[in-house]
Amino acid sequence: MVNAQILGGREGADMASSEPESIVSLRDLNVHYGSFLAVRDVNLEVPPRQITALIGPSGCGKSTVLRCVNRMNDLIPAAKVTGSIIYHGIDVNSRAVDPVEVRRRVGMVFQKPNPFPKSIYDNIAWGAKINGIKENRDDLVERCLRGAALWDEVKDKLKESGMALSGGQQQRLCIARTLAINPDVILMDEPCSALDPISTLKIEDLMRTLVEEYTIIIVTHNMQQAARVSDQTVFFSLDTNRTGVMVETGATRQMFTNPQDSRTEDYITGRFG
Amino acid sequence: MAIESGPFRDSSVDGFGAASGTLAGEGETRRLNARKRWGKAFEALSIVLIAIALGTLVVLFFDVLRRGLPWLDWQFLTSFDSRFAERAGIKAAIYGTVWMMIFTIIFSFPLGVATGIWLEEYAADNRLTRFIQINISNLAGVPSIIYGLLGLQIFVRFMELGRSVIAGSLTMALVVAPIIVIATQESIRAVPSGLREGSYALGATKWETVKHHVLPTAFPGILTGNILAASRAIGETAPLIMIGALTFVPFTPENLLDRFTVLPILIFNWTSKAQSDFHDLAAAGIVVLLAILLSLNAIAVLLRQHFRRKLRF
């Protein structure tokens, strides 16, 4: 297993701190779409309160892997996920675990901002309401909007539609909405790809703040973004059958300065992908 | 433009028309004009076809108004049918239409909407579902007289409901149910997938997602489909003639098992009479039917706008 070798060969200080206390561990994860093997043999340890970035060329299965963690692939009838996803010691990929319980704890922010066609206030309060969170609604809305660095911009128009905000604000609203269900892991699927550079920077700053309390896994096409925000980077590539494989994982600085695998180096230096 | 060479230079043309203020040379301009002519030709054709369609409609409409309006008075609206044109009215047909529409709506809306929701949101993608789906699509295209035959056999004879309001409503519900199912499905399919994903990602169950996000977003479309289905039911004649709704009815229905008539049947009956006065009466009836139809459509538009606004897009 490529990954195991790399992990084994890199017994640095970061390994000692990250591996034994992973919050999410993917073990031998394989994803099929119908008969097509989309991703194979993913083994990944996600350390708590760090940002893990998944990078790689288009179609290499980064988003597919991300969507396994909160069981979003259950919504795609043809998708079949095998292997285990250990979260707080429980295999959340097992049939016995209701995906609703998983998603309640593992929040997700999508590529395209998708606020509900409701008021800003209701966008945030809704998730708390269905999950029976007792916190005073007004306090919760303010806490989450502050947490997503959006409060000052919207505090005077909480009754207005979430869809009326700018793209960057909508994305921060979606992050605030996720905070309202008190997750401990937040998945972000290319959260800045639809945003302008200034909004992107705001989201990146926000991620650095959020990571003090939450574990973040982000899929990004933007290598500068991965280099800027993440602590750990995971590189995916395609094998000859166009199946996604995990090539290399490591501390972000090490991945960008001294990649172990030539495919990682080619991708990072722009020779490929 | 003073570009003499470079990527913009087209070797097939005789130079830039600097004097005429155009980038293109003569040959290129000629070819561009030829390409534009196709666009113009298509536009002209479309306008002619629309003019024919709308022109026919306008002529028919004014003919109906011209013949019908002189007969359209309070007496016409409040009298029963009669052998004498000047005493004949549409009271029974209006009552019958209202009774039948109310019960058609009661029978068809919940059935059609629920089926649409089930097919889109709950049904697994298997052979049974696909079989049901294909059948519903085909049913929407079955001639309504076939439903009349079905209604005659099942509701009138087998269930012994007679040629009553309820038999007519049930038959008409069958006619419009597939239309409602399809309108519901299309409205639900138009709900952006990001909305569903956003809801599920917050730990919502399927029912919470459907109730709070899918249905409110699809609701204006579902409503429009339902009202259009109701408009179709109001104008349908064939299935009701088939089950034997009466043509001459000097009474209003008192309960569900009473016999009845509806506006289109009365109009049909009048047009088949020999006296020309009855033909003008039919025109007056058509004016009333059109007024009801247009009001229904107007209500559909208003309701749709109302619910769209509630949705804070």
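Compute the signed sum of charges (Lys and Arg +1, Asp and Glu -1) over the other residues within less than 14 Å, Cβ to Cβ, of residue B:69. Please list the in-between numbers first.
Values: positive: B:66, B:67; negative: B:63, B:73, B:280.
Local net charge: -1.
Treating segment B:54-168 as a set of equal point scatterers at the Cα positions, no solvent, please give the Debye-formula log₁₀ I(q)/I(0) at q = 0.11, 0.18, 0.22 Å⁻¹.
-0.67, -1.10, -1.19
How high is the relative contact order of chain B? Use alpha-carbon pairs under 8 Å, at least six apart in sequence, and give a whole percent. Show your work: numbers first, answer last.
Details: 383 pairs, mean separation 71.6, N = 313.
Computed over chain B, the figure is 23 percent.
How about segment A:173-273: which GluC sites (Glu not before Pro) there are in a DSSP loop, with at most 15 other Cβ atoms within 10 Å of their Cβ? Don't jump to the answer; show the numbers that get you there.
Details: sites: A:204, A:212, A:213, A:248, A:265; in loops: A:212, A:213.
Filter output for segment A:173-273: A:212, A:213.
So which GluC sites (Glu not before Pro) in segment A:91-179 pass both tests, a DSSP loop state and at most 16 other Cβ atoms within 10 Å of the Cβ? Intermediate values should be presented prior to the final figure.
On the way: sites: A:101, A:135, A:142, A:153, A:160; in loops: A:135, A:160.
When the GluC sites (Glu not before Pro) of segment A:91-179 are filtered for loop state and at most 16 Cβ neighbours within 10 Å, A:135, A:160 remain.
In percent, what relative contact order does segment B:219-269 have, based on Cα pairs under 8 Å that are 6 or more apart in sequence? Don't skip to the end; give the middle numbers.
Values: 24 pairs, mean separation 17.8, N = 51.
Contact order relative to length: 35 percent.
Mean residue ellipticity at 222 nm from the helices of chain A, using -39,500 (n - 2.57) per DSSP H segment of n ≥ 4 over the full residue count, to the nearest 500 deg cm²/dmol?
Details: 12 runs with 101 residues, N = 273.
Rounded to the nearest 500, it is -10000 deg cm²/dmol.
Residues with beta-carbon under 10 Å from that of residue A:225, excluding residue A:225: net charge, scoring Lys, Arg +1 and Asp, Glu -1? If you can, show how the numbers build up before the last one.
Details: positive: A:228; negative: A:190, A:204.
Here the count lands on -1.
Quick check: convex hull of the Cα atoms in segment B:117-161, volume per residue, rounded to a whole Å³? Could you put the intermediate results ahead of the total?
Values: hull volume 4.6 nm³, N = 45.
Each residue corresponds to 102 Å³ of Cα convex hull volume.
Just to be sure I understand: with springs between alpha-carbon atoms less than 10 Å apart, which residue in A:97, A:245, A:46 has the highest mean-square fluctuation in the Gaussian network model of chain A?
A:97
No solvent, one uniform scatterer per C-alpha: report log10 I(q)/I(0) for segment A:199-273 via the Debye equation at q = 0.21 1/Å, two decimals.
Listed by q, the Debye log ratios stand at -0.96.
How big is the protein assembly as shown by the Kirkwood estimate over distinct Cα pairs, in Å?
On the way: mean 1/r = 0.0339 Å⁻¹.
Computed over the protein assembly as shown, the radius equals 29.5 Å.
Which log10 I(q)/I(0) values does segment B:123-206 give at q = 0.16, 0.20, 0.23, 0.25 Å⁻¹ under the Debye formula, counting every alpha carbon as one identical point scatterer?
-0.77, -0.95, -1.08, -1.15
Taking the alpha carbon gyration tensor of segment A:73-229, what are the square roots of 5 times its eigenvalues, largest first, to the nearest whole Å? Intermediate results must be reported in sequence, preceding the final value.
On the way: eigenvalues 129, 82, 42 Å².
Rounded to whole Å, the semi-axes are 25, 20, 14.
Please state, as a whole number in µm²/s, the translational diffusion coefficient that the Stokes-Einstein equation yields for segment B:159-313 at 20 °C and 1.002 mPa s, with Rh defined as the Kirkwood radius across alpha carbon pairs.
Values: Rh = 18.3 Å.
Value of D from the Cα-based Kirkwood radius: 117 µm²/s.
Quick check: the distance between the Cα centres of segment B:53-129 and segment A:108-128, to the nearest angstrom?
A separation of 42 Å, based on Cα centres.
GluC sites (Glu not before Pro) within segment B:139-221: which are DSSP loop residues with at most 13 other Cβ atoms inside 10 Å?
The qualifying sites are B:160.
Using the Cα atoms of segment B:166-243 to build a convex hull, what is its mean projected area in square nanometres?
On the way: hull surface 22.9 nm².
Its Cα hull, projected and averaged over all orientations, spans 5.7 nm².
Enumerate the calculated ³J(HN,Hα) couplings along segment B:80-87 in order (Karplus 6.51 cos²θ - 1.76 cosθ + 1.60, θ = phi - 60°), each rounded to whole Hz, writing x wherever the residue is Gly or Pro.
7, 5, 8, 6, 9, 4, 6, 9
Please list the non-local residues whose amide H lies under 5 Å from the amide H of residue A:24, H modeled 1.01 Å from N, same-chain partners needing a gap of 5 or more.
Excluding prolines and chain starts, which carry no amide H, the hits are A:46.
Express the Stokes-Einstein translational diffusion coefficient of segment B:240-313 in µm² s⁻¹, to the nearest whole number, given a Kirkwood radius over alpha-carbon pairs, 25 °C and a viscosity of 0.890 mPa s.
164
Going by amide H atoms built from the backbone, whose H comes under 5 Å of the H on residue A:247, apart from near neighbours?
Placed amide hydrogens put A:235, A:236, A:237 under 5 Å from residue A:247.
Semi-axes of chain B's equivalent ellipsoid from the Cα gyration tensor, sqrt of 5 times each eigenvalue, largest first, rounded to whole Å? Walk me through the numbers on the way to the answer.
On the way: eigenvalues 503, 221, 62 Å².
Sorted largest first and rounded, they come to 50, 33, 18 Å.
Divide the volume of the convex hull of the Cα atoms of chain A by its number of residues and quote the answer in cubic angstrom per residue. Kindly include the intermediate steps, with their values, before the conclusion.
On the way: hull volume 34.6 nm³, N = 273.
Dividing the Cα hull volume of chain A by its residues yields 127 Å³.
Report relative contact order for chain A in percent, whole number only (criteria: Cα-Cα under 8 Å, sequence separation at least 6).
26
Could you give the size of the charge dipole of the protein assembly as shown about its Cα centre, using +1 on the Cβ of each K and R and -1 on the Cβ of each D and E, expressed in debye and rounded to the nearest 20?
On the way: 59 positive and 56 negative charges, 306 e Å.
About 1480 debye.
Per-residue HN-Hα couplings for segment A:116-130, Karplus 6.51 cos²θ - 1.76 cosθ + 1.60 at θ = phi - 60°, whole Hz, x for Gly and Pro?
6, x, 10, 5, 3, 4, 5, 4, 8, 5, 4, x, 5, 5, 5
If you plug each phi of segment B:188-200 into the Karplus form 6.51 cos²θ - 1.76 cosθ + 1.60 with θ = phi - 60°, what whole-Hz ³J(HN,Hα) values come out, in order, with x for Gly and Pro?
5, 5, 7, 5, x, 5, x, 5, 4, 4, x, 5, 4
Using a Gaussian network model of chain B whose springs link C-alpha atoms within less than 10 Å, name the residue from B:54, B:263, B:65 with the highest mean-square fluctuation.
Most flexible of the set in this elastic network: B:54.
Which residue fluctuates most in the GNM of chain B (Cα springs below 10 Å): B:284, B:88, B:190?
With Cα springs under 10 Å in chain B, the top fluctuation among B:284, B:88, B:190 is at B:190.
The numbers here are math on the coordinates, done by the rules we state, and not lab data. This one's a predicted model, so the numbers in the text were calculated from it and none came from an experiment. Every residue, glycine among them, receives a Cβ derived from its backbone with ideal geometry; neighbour counts consider all protein chains shown.
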